[in-house]
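The structure appears right after this line, and notes come after that.
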Amino acid sequence: MEQSKFKLTFSYEVLTTQDGSPSLRLWKDQQPPEAMHHLGGALSESIYIYGAAIEEALKRNSTGPLRVLSVGLGLGYNEFLTALYATLAGREFRILSFESEEALRTHFINWLQRTASDPEQGPFHSIYDSVLAHVARRFDFDPGKLKDLLAHAYVESAWNIEGDLTLHVGETQNSQTTWHCILYDAFSSGATPVLWQEEFLVKFLNRAAAADCVFTTYAATGALRRALTRVGFRAEKKPGFAGKRESTWAVRP
Ligand SMILES: C[S@@+](CC[C@H](N)C(=O)[O-])C[C@H]1O[C@@H](n2cnc3c(N)ncnc32)[C@H](O)[C@@H]1O
């Protein structure tokens with residue numbers, strides 16, 4: 001493995017959230033640090049905000065593989081949940097993930113494809129092990145099988161991972177494919193302002209959302225709501241996780 005693939009462009013701290021599942025707090029480019037999840041429970045938040053949308057999309061699109069677009073791979077909670085919910089529903093799945101940090105993309109795939117005899121240990125491997133264990137335990141699912149589901153999906157290109165979303169919304173973003181479910185788990189607008197701008201969101205949603213699409217995110221902003229309405233979604237306010245005031249849930253009827 002090339003050394004550069006392991007280079008980190010950020011500092012991080014591992015957090016144990018209240019339900020026991022891990023998260024990361026990242027420091028990058030002099031910006032204030034930001035945790036990837038609510039400290040009230042990384043897994044619980046992921047299930048509440050994103051799992052619910054995956055379940056709804058499975059109900060609304062009952063044939064063929066479920067197509068899920070995930071913004072912010074991070075530690076992969078939403079990718080595990082997609083594989084799990086689809087499999088429990090007896091469905092195949094396709095995932096397109098975006099993650100701007102090369103190290104997070106590379107280490108996750110390296111961990112996924114690592115065999116028991118491979119001595120290479122990336123810096124996040126024990127955290128991925130813990131994420132996998134927490135997700136599998138919560139659903140009484142075999143962790144080895146869950147890991148295999150994602151590993152096979154990656155090898156078979158049923159799961160693709162791209163870099164910075166802002167670089168893909170222009171001309172080339174998988175323009176043939178639209179997505180039944182969009183899990184918009186980017187960092188906040190302080191860290192990633194473009195991702196929360198109305199015009200960017202309209203362009204992205206027009207390109208990516210299937211006719212019958214479920215969109216969800218932990219955040220609730222005026223620009224997001226306006227963008228969703230402009231492209232035909234019915235946006236609803238949903239109480240945020242663990243006492244947070246609001247999150248966003250939107251469907252395109
Ligand atoms: C809240 S965390 C995602 C947590 C993740 N969904 C999980 O389940 O662990 C936000 C992620 O978005 C990534 N990110 C930030 N800006 C991005 C961009 N422009 N395009 C793609 N990913 C981005 C960050 O590096 C970070 O990993």
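The values are calculated or read from the model by the stated rules, or taken from the named source; none is laboratory data. Treat the numbers as computed from the prediction; the structure is a model and nothing was measured. Glycine also receives a Cβ, built like all others from the backbone with ideal geometry; neighbour counts cover every protein chain displayed.
Any residue in region 195-203 that is touching a helix residue (DSSP H, G or I) at 6+ places or on another chain (Cβ under 6 Å), within 12 Å of Ser97 (Cα to Cα) and modelled with pLDDT of 95 or more?
No, region 195-203 contains no residue that is touching a helix residue (DSSP H, G or I) at 6+ places or on another chain (Cβ under 6 Å), within 12 Å of Ser97 (Cα to Cα) and modelled with pLDDT of 95 or more.
Take the residues in region 90-100 that are crowded, with 19+ Cβ neighbours inside 10 Å and farther than 14 Å from His180 by Cβ, then tell me which one is farthest from the ligand (Cβ to nearest atom).
Restricting attention to region 90-100, the residues satisfying the condition of being crowded, with 19+ Cβ neighbours inside 10 Å are 93-100.
Then keep just the ones that are farther than 14 Å from His180 by Cβ; that gives 97-100.
Numbers: Ser97: 9, Phe98: 4, Glu99: 5, Ser100: 4 Å.
That would be Ser97.
Can you find, within region 44-57, the residue that is nearest to Thr217 (Cα to Cα) among those that are of a type in the set (A, V, I, L, M, F, W, C) and within 12 Å of the ligand (Cβ to nearest atom)? Let's see the steps before the verdict.
So in region 44-57, the residues of a type in the set (A, V, I, L, M, F, W, C) come out as 47, 49, 52-54, 57.
Remaining after also requiring within 12 Å of the ligand (Cβ to nearest atom): 47, 49.
Values: Ile47: 12, Ile49: 7 Å.
Only one residue tops the list, namely Ile49.
Is there a residue being touching a residue at least 12 places away in the same chain (Cβ under 8 Å), more than 11 Å from the ligand (Cβ to nearest atom) and either assigned to a helix (DSSP H, G or I) or crowded, with 22+ Cβ neighbours inside 10 Å (or both) anywhere in region 22-43?
Taking every residue of region 22-43 in turn, none turns out to be touching a residue at least 12 places away in the same chain (Cβ under 8 Å), more than 11 Å from the ligand (Cβ to nearest atom) and either assigned to a helix (DSSP H, G or I) or crowded, with 22+ Cβ neighbours inside 10 Å (or both).
Residue-wise test of (1) crowded, with 18+ Cβ neighbours inside 10 Å; (2) touching a strand residue (DSSP E or B) at 6+ places or on another chain (Cβ under 6 Å); (3) closer than 22 Å to Asn78 by Cα.
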{"position": "Leu201", "(1), (2), (3)": "yes, no, yes"}
{"position": "Ala208", "(1), (2), (3)": "yes, yes, yes"}
{"position": "Val214", "(1), (2), (3)": "yes, yes, yes"}
{"position": "Gly243", "(1), (2), (3)": "no, no, yes"}
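With the structure loaded, tell me whether Thr87 is farther than 28 Å from Ala35 by Cα, modelled with pLDDT under 95 and either out of contact with any His (no Cβ under 8 Å at 6 or more places or on another chain) or within 11 Å of the ligand (Cβ to nearest atom) (or both) or whether it fails that test.
Working: farther than 28 Å from Ala35 by Cα: yes; modelled with pLDDT under 95: no; either out of contact with any His (no Cβ under 8 Å at 6 or more places or on another chain) or within 11 Å of the ligand (Cβ to nearest atom) (or both): yes.
It is false that Thr87 is farther than 28 Å from Ala35 by Cα, modelled with pLDDT under 95 and either out of contact with any His (no Cβ under 8 Å at 6 or more places or on another chain) or within 11 Å of the ligand (Cβ to nearest atom) (or both).
Which condition from (1) at pLDDT 95 or above; (2) surrounded by 19 or more Cβ atoms within 10 Å (Cβ to Cβ) is the one that Val169 breaks?
Failed condition: (1).
Could you grab me the full set of residues in region 182-191 that are out of contact with any strand residue (DSSP E or B) (no Cβ under 6 Å at 6 or more places or on another chain) and farther than 13 Å from Met36 by Cα?
Answer for region 182-191, where residues must be out of contact with any strand residue (DSSP E or B) (no Cβ under 6 Å at 6 or more places or on another chain) and farther than 13 Å from Met36 by Cα: Ser189, Gly190.
Could you list all residues from region 48-71 that are crowded, with 24+ Cβ neighbours inside 10 Å, touching a residue at least 40 places away in the same chain (Cβ under 8 Å) and not in a strand (DSSP E or B)?
Ile49, Tyr50, Ala53, Ile54, Ala57
Restricting attention to region 144-165, does a residue exist that is farther than 19 Å from Thr87 by Cβ and surrounded by fewer than 17 Cβ atoms within 10 Å (Cβ to Cβ)? Walk me through it before giving the result.
Residues of region 144-165 farther than 19 Å from Thr87 by Cβ: 161-165.
Filter again for surrounded by fewer than 17 Cβ atoms within 10 Å (Cβ to Cβ), leaving 163-164.
There is at least one residue in region 144-165 that is farther than 19 Å from Thr87 by Cβ and surrounded by fewer than 17 Cβ atoms within 10 Å (Cβ to Cβ).
Here's a check for you: in region 3-21, which residue that is polar (S, T, N, Q) and part of a helix (DSSP H, G or I) is nearest to Leu104 (Cα to Cα)?
Kept after step one, since they are polar (S, T, N, Q), are these residues of region 3-21: 3-4, 9, 11, 16-18, 21.
This time we only want the ones that are part of a helix (DSSP H, G or I), so: 3-4.
Numbers: Gln3: 14, Ser4: 13 Å.
Per the stated criteria, the residue is Ser4.
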